[in-house]
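One structure is given here, and the rest of the page talks about it.
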């Protein structure tokens, strides 16, 4: 078998021809490949072949434009990586952008095998889901297929309700988020899509149903970002509470005139990606260093301390991620880290944040009137863009136990085992 290159979002895999050393494949970080470029026009000295490019000029987020298997100068198989130009240091130590449209690094396959370090790696993790179509339900299409002829106004038949809620169960179990298009205008009715009539929503100091809009008059605790037209970056809700609501849904009463799109990141997948693909050390810091979250409003104050990524009991869950607490606007000043360690902790925090804002990590959805989005507040981050106009969302918190009981019953009634 000939050598092959597989470009992943953050690294390259080279698959080698069979050999006695047992190396079937090796994974290489892009920044490592660029730093180890063997070329004699800017990366290695033309006479001594010693490296002359500094590691400090290689952006850690650098990605190749493309990569191909080719023949080296000696005619032997080689891997060629084509890079966008980066600034390098001239003889005076100043950064200068080279006069090239792209930079080519050619590595003999034997050289890559001899310098392999991610050998036969299997503990990889895929990107978080980021296709909104995967998590979307068209409620009107369901209604068309499963209408109850005796209902006025039109409602789903009992069989349609079971199919709908079983689908919700599957989406929330797999992706942690579901978007329901054209669900309707009655927030109270929508509540029982997710929980039984013998259960109720979780009330907070924002109320039983929180009306997120500018000029809010239903809530005396409206001195927070949700009641402005400003952008609200990725976060989980109620990080300052000892017991965090497991789920929230947002019901669009009125969309913004412009802007106000929602976006979501499956934080559990993002954390696993951080651990296996980017920085195990950053993951360790975010799972062990305590952070104080402090909600201070004119008529309310509450605080809680926990790591951003909380792992479960190793005896019960094998240290699986159980909860993400991430809220930049309620994160208090960090004083729990020794002076000499604070820089490293902030690097971990920034590495995490940069991942979350990659387009290939985010599910994006603009909600129109009657649309609903529901998400796992322990495992999914949510955000919105800034907007203009009288945007109005009704926000409702639900207990995880109530939701899984209700949707699990539908899943069982649909004749399929629960996930």
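Quick notes
- Over all distinct Cα-Cα pairs of the range 220-348, the Kirkwood formula returns a hydrodynamic radius of 16.6 Å.
- Across every pair of non-identical alpha carbons in the range 48-189, the mean reciprocal distance, once inverted, gives a Kirkwood radius of 21.4 Å.
- Pairwise FRET efficiency - residue 200 versus residue 409, Cβ, R0 = 22 Å, nearest 0.05: 0.80
- Distance between the range 39-73 and the range 75-128 - C-alpha centres, whole angstrom: 6 Å
- In terms of overall dimensions, the range 293-384 has a Cα radius of gyration and Dmax of 16.3, 52 angstrom.
- Structure-derived semi-axes √(5λ) of the Cα gyration tensor in Å: which label, when the choices are (i) 37, 26, 21; (ii) 47, 26, 21; (iii) 86, 21, 19: (ii)
- By the helix-only formula, in which each DSSP H run with n ≥ 4 contributes -39500 (n - 2.57) and the sum is divided by residues, the chain has a 222 nm mean residue ellipticity of -6500 deg cm²/dmol.
- Measuring nothing but how far apart in sequence close Cα pairs (under 8 Å, 6+ apart) lie, relative to its length, the chain scores a relative contact order of 20 percent.
- Relative compactness, the range 4-119, computed as alpha-carbon Rg over 2.2 N^0.38 Å: 1.08
- Mean Cβ count within 10 Å, highest first, over the residues of peptides 3-12, 368-377: 368-377, 3-12
- A simple spin-label model places pseudo-atoms 7 Å from Cα toward Cβ; at residue 189 and residue 310 they are separated by 3.7 nm.
- With all projection directions averaged, the alpha carbon convex hull of the range 172-296 covers 10.2 nm².
- Net lengthening on full extension, residue 182/residue 102 (0.36 nm per residue, minus Cα-Cα): 24.0 nm
- For the pair residue 1 and residue 38, the difference between a 0.36 nm per residue extended length and the Cα-Cα distance amounts to 10.8 nm.
- The mean sequence distance of close C-alpha pairs (under 8 Å, at least 6 residues apart), as a share of the length of the range 4-119, puts its relative contact order at 24 percent.
- Label zone of residue 214 (point 7 Å out along Cα→Cβ, amide N under 16 Å): in the range 392-415 this covers 392-393.
Read-outs: derived from the displayed coordinates by stated rules, not from any lab. Computed from a predicted model, the values in this text were never measured in an experiment. Positions of Cβ are generated from backbone atoms using ideal geometry, with glycine treated the same way; all protein chains shown enter the neighbour counts.
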